[in-house]
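The values are calculated or read from the model by the stated rules, or taken from the named source; none is laboratory data. All values derive from a computational prediction rather than experimental measurement. Positions of Cβ are backbone-derived with ideal geometry, glycine not excepted, and every protein chain shown enters the neighbour counts. Keep in mind that these areas ignore ligands, DNA and RNA; they rest on the heavy atoms of the full protein, side chains included. Shrake-Rupley method; radii C 1.70, N 1.55, O 1.52, S 1.80 Å.
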Amino acid sequence: MNYNWNWGIFFEASPEGTGTYADMLLSGLTWTIVTALCSWVIAFLLGSLVGVMRTLPNRAANAVGTTYVELFRNIPLLVQMFLWYFVLPEVLPEQWGSWLKQLPNAPFYTAVVCLGFFTASRVAEQVRAGIQSLPRGQKMAGTALGLTVGQTYRHVLLPNAYRIILPPLTSEFLNNLKNTSVALTIGLLELTARARAMQEFSFQVFEAFTAATILYVIINVVVIFISSWIERRVAIPGSR
Amino acid sequence: MRAPLNTSSAPAEPTGPMIAMTNVSKWYGDFKVLTNCTTSVNKGEVVVVCGPSGSGKSTLIKCVNALEPFQEGQVVVDGTPVRDKRTNLPKLRARVGMVFQHFELFPHLSIAENLTLAQVMVLGRDRGAALDSGMTLLDRVGLSAHAKKFPGQLSGGQQQRVAIARALAMNPIVMLFDEPTSALDPEMVGEVLDVMVQLAREGMTMMCVTHEMGFARKVANRVIFMDKGEIVEDATKDDFFGHARSERAQNFLSKILQH
């Protein structure tokens with residue numbers, strides 16, 4: 001292999017004229033993080049709602065929850081990304097469609113919504129599993145004290161369920177973070193897209209993707225540290 | 001003098017019994033778990049419900065506060081029909097204390113928070129007042145030193161005493177006990193029964209599913225014996241232990257009193 005290593009490439013100006021290649025990658029990293037955080041907010045809230053719906057003693061709520069989960073977790077993420085970005089504006093009423101197409105930062109908003117809805121289906125399953133793993137008597141105890149269904153969930157079931165599912169929820173957060181790279185297909189200039197651009201401009205493919213890899217690993221390790229800090233903070237005294 | 005455990009503000013003298021059950025029947029799918037159960041509990045009365053496992057005792061007392069829905073019959077608690085769409089069930093349940101076999105304290109809340117949560121959320125008491133009444137009751141069950149601990153740091157007997165205090169903190173008009181000592185190590189049964197005896201002697205209306213016949217002998221007014229979802233015998237304590245009429249009840253008694 002005849003490869004010309006050049007680790008100094010990061011400090012050379014990129015042809016975009018806005019800074020060095022390092023700046024380019026860091027801007028990609030920022031988009032990755034912002035997209036991951038914004039979509040996680042949707043995934044967590046919507047996923048919790050759907051997960052709770054699947055545990056309610058109400059058939060309509062169960063049906064809506066189940067349909068949601070099966071729909072969003074069974075279509076490949078890449079297909080969902082295309083559906084949101086290319087298909088949705090066409091099937092909406094024309095005014096809405098053209099508004100969507102002209103939206104500044106459309107790839108970002110689309111990626112946030114798409115990842116949020118996709119990851120929500122996975123969060124929902126974990127929330128459901130967490131709630132169902134609690135002793136049946138917990139719900140009864142809340143109910144017997146006169147708490148409403150909403151209060152029982154808010155003050156009794158969910159605080160315990162979230163503690164139980166914190167480790168798999170962390171994995172889900174990491175998946176969501178890595179899945180942001182799929183958004184390069186709709187034009188989001190996140191980390192992977194930037195690494196690819198760097199490779200195309202500079203032909204330094206190894207340097208570009210080594211940097212991207214290291215950056216992904218670093219943020220994921222940070223996430224893992226934060227997660228275990230949260231786990232320690234919310235640990236219940238007297239429980240294993 | 002110890003302050004009483006029972007601090008419920010006595011409502012206007014009820015016209016009927018505190019709990020009146022009429023022809024309550026319940027099915028799980030095709031399986032009938034309760035068949036035409038009719039009984040009542042008067043104010044201040046202590047009624048013990050016993051019977052072999054699977055006889056429907058727990059299901060029966062859970063019908064009192066509609067934790068278990070039933071398909072036929074009616075339960076009226078202090079004049080309020082339980083199976084009625086217009087009844088505000090959370091409000092009714094707040095007035096009916098319940099103690100479970102497995103304690104069911106909320107593991108993520110401290111003992112003090114366990115005692116105050118429903119007072120604040122359901123009765124709308126402010127935190128200070130809720131904590132005061134919670135601490136008073138915790139003292140009465142002998143656990144005031146443990147207010148800041150979490151349920152997982154207490155023994156089973158202590159947890160169950162906290163659970164009783166938690167139910168009493170709502171100033172219930174009646175207390176339901178669903179096998180409160182069955183999940184306890186033998187040496188902890190006594191401390192829980194002591195609290196229940198004290199409560200009974202103070203005049204609390206109680207319906208207790210239990211196999212503790214010593215407790216029944218000591219404080220029960222009546223004993224209900226159930227088998228296969230039916231109330232087979234509903235007798236005064238003396239009648240029940242003296243000369244139980246049904247063969248099934250005699251059989252049951254001979255089995256549990258042997259040891």
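Please determine whether any residue of region A:13-20 is in a helix (DSSP H, G or I) and either farther than 22 Å from A:Ser181 by Cα or open to solvent by less than 80 Å² (accessible area, probe 1.4 Å) (or both).
For region A:13-20, residues in a helix (DSSP H, G or I) and either farther than 22 Å from A:Ser181 by Cα or open to solvent by less than 80 Å² (accessible area, probe 1.4 Å) (or both): absent.
If you take the residues in region B:56-93 that are touching a Lys or Arg at 6+ places or on another chain (Cβ under 6 Å) and buried (at least 21 other Cβ atoms within 10 Å of the Cβ), which one is nearest to the other protein chains (Cβ to nearest Cβ)?
For region B:56-93, the residue satisfying everything is B:Asn65.
What helices (runs of 4 or more DSSP H), lying completely within region A:40-91, carry at least 2 residues that are open to solvent by 30 Å² or more (accessible area, probe 1.4 Å) and at pLDDT 95 or above? Can you show your working first?
Details: elements: A:59-73, A:77-82, A:88-91.
Answer list for region A:40-91: A:59-73, A:77-82.
Can you list the helices (runs of 4 or more DSSP H) lying wholly within region A:131-183 that have 3 or more residues being open to solvent by less than 60 Å² (accessible area, probe 1.4 Å) and away from chain B (no Cβ under 13 Å)?
Here the list reads A:158-179.
Could you figure out which of (1) within 30 Å of A:Gln80 (Cα to Cα); (2) touching a strand residue (DSSP E or B) at 6+ places or on another chain (Cβ under 8 Å); (3) hydrophobic (A, V, I, L, M, F, W, C) isn't true of A:Ala141?
So the condition that A:Ala141 fails would be (1).
Would you confirm whether or not region B:235-257 contains a residue that is part of a strand (DSSP E or B), over 26 Å from A:Gly146 (Cβ atoms) and not small (Gly, Ala, Ser)?
Within region B:235-257 (the criterion being part of a strand (DSSP E or B), over 26 Å from A:Gly146 (Cβ atoms) and not small (Gly, Ala, Ser)), the answer is yes, since at least one residue qualifies.
Of the residues that make up region A:117-130, is at least one within 14 Å of chain B (Cβ to nearest Cβ) and either under 25 Å from the mean Cα position of the chain (by Cα) or open to solvent by less than 50 Å² (accessible area, probe 1.4 Å) (or both)?
Yes, that holds for at least one residue.
Answer yes or no: is there a residue in region B:196-204 that is in a loop (DSSP other than H, G, I, E, B), in contact with a strand residue (DSSP E or B) (Cβ under 8 Å, 6 or more places away or on another chain), of a type outside the set (Lys, Arg) and within 21 Å of B:Phe103 (Cα to Cα). Break it down stepwise before answering.
First, the residues of region B:196-204 that are in a loop (DSSP other than H, G, I, E, B): B:202-204.
Pick out the ones that are also in contact with a strand residue (DSSP E or B) (Cβ under 8 Å, 6 or more places away or on another chain) and you get B:204.
Right, trim to of a type outside the set (Lys, Arg) and you get B:204.
From the residues that got through so far, the ones that are within 21 Å of B:Phe103 (Cα to Cα) too are B:204.
Scanning region B:196-204 turns up at least one residue that is in a loop (DSSP other than H, G, I, E, B), in contact with a strand residue (DSSP E or B) (Cβ under 8 Å, 6 or more places away or on another chain), of a type outside the set (Lys, Arg) and within 21 Å of B:Phe103 (Cα to Cα).
Keeping to region A:92-104, report how many residues are open to solvent by 70 Å² or more (accessible area, probe 1.4 Å) and either in a helix (DSSP H, G or I) or in contact (Cβ under 8 Å) with a residue 40 or more places away in the chain (or both).
Counting residues in region A:92-104 that are open to solvent by 70 Å² or more (accessible area, probe 1.4 Å) and either in a helix (DSSP H, G or I) or in contact (Cβ under 8 Å) with a residue 40 or more places away in the chain (or both) gives 6.
Collect the residues in region B:116-126 that are within 14 Å of chain A (Cβ to nearest Cβ) and not aliphatic (A, V, I, L, M), keeping them in residue-number order.
Passing the criteria: B:Thr116, B:Gln119, B:Gly124, B:Arg125.
Just wondering, is there one or more residues in region A:230-237 that are in a helix (DSSP H, G or I) and buried (at least 18 other Cβ atoms within 10 Å of the Cβ)?
No.
Does A:Ile186 satisfy the condition of being farther than 24 Å from A:Val127 by Cα and open to solvent by less than 20 Å² (accessible area, probe 1.4 Å)? So that I can check it myself, show each step before the final result.
On the way: farther than 24 Å from A:Val127 by Cα: yes; open to solvent by less than 20 Å² (accessible area, probe 1.4 Å): yes.
It is true that A:Ile186 is farther than 24 Å from A:Val127 by Cα and open to solvent by less than 20 Å² (accessible area, probe 1.4 Å).
Contact list please: Cβ distance under 7 Å, first residue in region A:53-73 and in contact (Cβ under 8 Å) with a residue 24 or more places away in the chain, second residue assigned to a loop (DSSP other than H, G, I, E, B), pairs at least six apart or on different chains.
Close Cβ pairs (under 7 Å, with a partner that is assigned to a loop (DSSP other than H, G, I, E, B)) amount to A:Gly65/A:Arg54.
What is the number of the single condition among (1) in contact with a helix residue (DSSP H, G or I) (Cβ under 7 Å, 6 or more places away or on another chain); (2) of a type in the set (Asp, Glu); (3) at negative phi that B:Glu104 does not meet?
Going through (1) in contact with a helix residue (DSSP H, G or I) (Cβ under 7 Å, 6 or more places away or on another chain); (2) of a type in the set (Asp, Glu); (3) at negative phi one by one, B:Glu104 breaks only (3).
With A:Gln204, A:Gln199 as the choices, which residue is open to solvent by less than 30 Å² (accessible area, probe 1.4 Å), at pLDDT below 95 and under 19 Å from A:Ile9 (Cβ atoms)?
Matching residue, one of A:Gln204, A:Gln199: A:Gln204.
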